[in-house]
Amino acid sequence: MESRIKNKRVLGINGLGRIGKLTLWHQLVTRYFDGAVINVGREVGTSLEHIVQAIETDSTYGNISRFIYGVGKAHKSFEIIDESEGLLAFDGFFIKVLRQHRNPSEIRWKDNGVSIVVDCTGQFNDPTQSADSAKGSLRGHLEAGARLVILSAPFKIKDKAKKTPDDSAMMVYGINHLDFSPAKHRLVSAASCTTTGLAHMLYPLLDREETSQIMTASMSTVHAATNSQNVLDAVPKAMASDLRKNRSVLNNIIVSTTGAAKALERIMPQIEEIGFMADSVRIPTNTVSLIILNITFNSKMNEKGEPVVNKKFLDSVYKEAATGPQKGLLVYSHKQNVSADLMGFSAAVVIEGHETHTRTGFMHLPEEVLTSHGLSAGKDLHLPVTHAKIFGWYDNEYGSYVTTMGKLIKYLDQNLQ
């Protein structure tokens with residue numbers, strides 16, 4: 001690596017897609033690391049200048065200099081130090097671009113002083129695959145000299161008979177990042193953008209006695225488009241079962257799936273008892289998504305015969321969380337927001353308090369039903385049940401996911417030493 005950052009903190013980034021590029025942007029904003037080594041694994045365009053253009057411009061967030069320093073201020077630009085070595089600099093932050101290898105085990109992390117690698121390719125998600133896997137694996141980064149690998153996606157184990165290895169864990173900053181053990185963990189998944197936002201919506205509810213008794217819960221994310229979708233309609237690949245994924249992202253609302261519920265169980269094990277359901281609806285916008293959380297509580301009644309869990313109570317729970325343990329990660333808003341208002345907004349989730357709603361009814365359980373289940377109350381039961389609908393915004397690219405993952409990266413680095 002360039003001598004000017006030798007013996008300093010250098011972050012490795014594998015992949016220059018949406019999350020890879022924005023992870024670099026985040027480091028240019030926070031300056032926690034002194035430099036970065038980015039592995040592209042191939043030539044881009046005809047020169048290093050073309051890589052620079054791909055990094056500094058963005059159709060969603062605009063030009064990087066304007067994004068960091070604002071409109072009307074002196075703008076900075078990238079300087080190409082050495083074309084052949086792939087050396088760049090941006091306002092004192094040094095970057096080296098690697099263009100030779102795509103297999104993680106062959107990337108020269110050790111030679112370039114990289115201890116932590118963030119894999120943003122989306123290609124290596126299985127923590128059980130060995131370092132010498134023919135098509136590459138997460139563990140290949142360790143073989144190449146990294147001490148810790150952070151995956152910008154949930155783990156996905158192909159062999160269902162295998163379990164997550166002991167040296168691997170899924171973490172969301174502000175939820176379970178304190179579980180990190182530097183002596184044990186070598187592969188850490190930063191989950192997904194939706195799981196990150198959802199975990200922060202549920203955390204304060206599970207932390208309060210009044211809302212900890214969850215009977216049922218489900219979620220739909222109204223999700224912005226991603227690069228996994230087609231610009232125009234295309235013929236599905238062999239064995240494809242979901243034909244909607246091949247329809248044009250520009251012209252359709254597309255019902256899809258999400259692994260957020262399964263990932264959430266690994267972040268917050270108590271969720272497994274609830275039987276959480278989740279789905280996704282893709283819409284033609286470039287970023288900012290919306291979680292619609294439907295949740296049913298076994299609600300107590302106060303001395304006036306009114307439900308304890310109501311809109312006012314839920315508002316107070318989120319307001320307290322926003323100024324307390326989740327400050328900077330959860331934001332409570334009573335504004336009437338639209339998605340564009342949250343673009344680039346740095347919080348894991350923004351609660352749309354204006355739209356929180358509750359409704360309480362009673363579940364009638366006849367005595368004979370209770371008896372048939374081995375229970376005997378001596379009379380029919382009328383259980384108060386409160387259903388709540390809670391909305392949470394999250395910028396699924398930079399604002400929510402990349403910034404929250406950036407906090408996780410910083411914490412892991414500080415505790416890896």
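The values are calculated or read from the model by the stated rules, or taken from the named source; none is laboratory data. Keep in mind it's a predicted model, so treat the numbers as computed, not measured. Ideal geometry is used to build each Cβ from the backbone, glycine not excepted, and the neighbour counts take in all protein chains shown.
Couple of notes before you dig in:
- When the criteria are applied in full, residue 143 fails the requirement of being assigned by TED's automatic domain parsing to the domain that holds residue 349 and either surrounded by fewer than 24 Cβ atoms within 10 Å (Cβ to Cβ) or at positive phi (or both).
- Qualifying residue in the stretch 248-258 (condition: closer than 25 Å to residue 391 by Cα, in contact (Cβ under 8 Å) with a residue 60 or more places away in the chain and either out of contact with any Leu (no Cβ under 9 Å at 6 or more places or on another chain) or not hydroxyl-bearing (Ser, Thr, Tyr) (or both)): yes
- Every residue from the stretch 293-306 that is surrounded by fewer than 16 Cβ atoms within 10 Å (Cβ to Cβ) and either under 22 Å from the mean Cα position of the chain (by Cα) or part of a loop (DSSP other than H, G, I, E, B) (or both): 294, 300, 302, 303, 304, 305, 306
- Residues in the stretch 193-222 that are closer than 23 Å to residue 327 by Cβ and of a type in the set (Ser, Thr, Tyr) were compared, and the one that is surrounded by the fewest Cβ atoms within 10 Å (Cβ to Cβ) is 212.
- Per the listing 154, 127, the residue uniquely in contact (Cβ under 8 Å) with a residue 40 or more places away in the chain, part of a loop (DSSP other than H, G, I, E, B) and crowded, with 23+ Cβ neighbours inside 10 Å is 127.
- Total residues in the stretch 269-287, condition surrounded by fewer than 19 Cβ atoms within 10 Å (Cβ to Cβ), outside any strand (DSSP E or B) and at pLDDT 95 or above: 4
- Conditions (1) within 29 Å of residue 341 (Cα to Cα); (2) more than 25 Å from the chain's Cα centre (by Cα): number failed by residue 64: (2)
- Single unsatisfied condition, residue 161 versus (1) more than 18 Å from the chain's Cα centre (by Cα); (2) aliphatic (A, V, I, L, M); (3) more than 20 Å from residue 265 (Cβ to Cβ): (3)
- Scanning the stretch 258-285 for residues that are under 15 Å from residue 221 (Cα atoms) and hydrophobic (A, V, I, L, M, F, W, C) turns up 260, 261, 263, 264, 276, 277, 278, 281, 283.
- Of the listed requirements (1) among the small types (Gly, Ala, Ser); (2) in contact (Cβ under 8 Å) with a residue 40 or more places away in the chain; (3) in a loop (DSSP other than H, G, I, E, B), residue 234 misses just one: (2).
- The stretch 307-338, residues that are closer than 21 Å to residue 26 by Cβ and either surrounded by fewer than 17 Cβ atoms within 10 Å (Cβ to Cβ) or without any contact (Cβ under 8 Å) to a residue 60 or more places away in the chain (or both): 327, 328, 331
- Taking helices (runs of 4 or more DSSP H) as the structural unit, those lying wholly within the stretch 308-417 and holding at least 3 residues that are at pLDDT 95 or above, under 22 Å from residue 68 (Cα atoms) and out of contact with any His (no Cβ under 6 Å at 6 or more places or on another chain) correspond to 403-416.
- The one condition from (1) aliphatic (A, V, I, L, M); (2) under 20 Å from residue 313 (Cβ atoms); (3) crowded, with 20+ Cβ neighbours inside 10 Å that residue 290 does not meet is (2).
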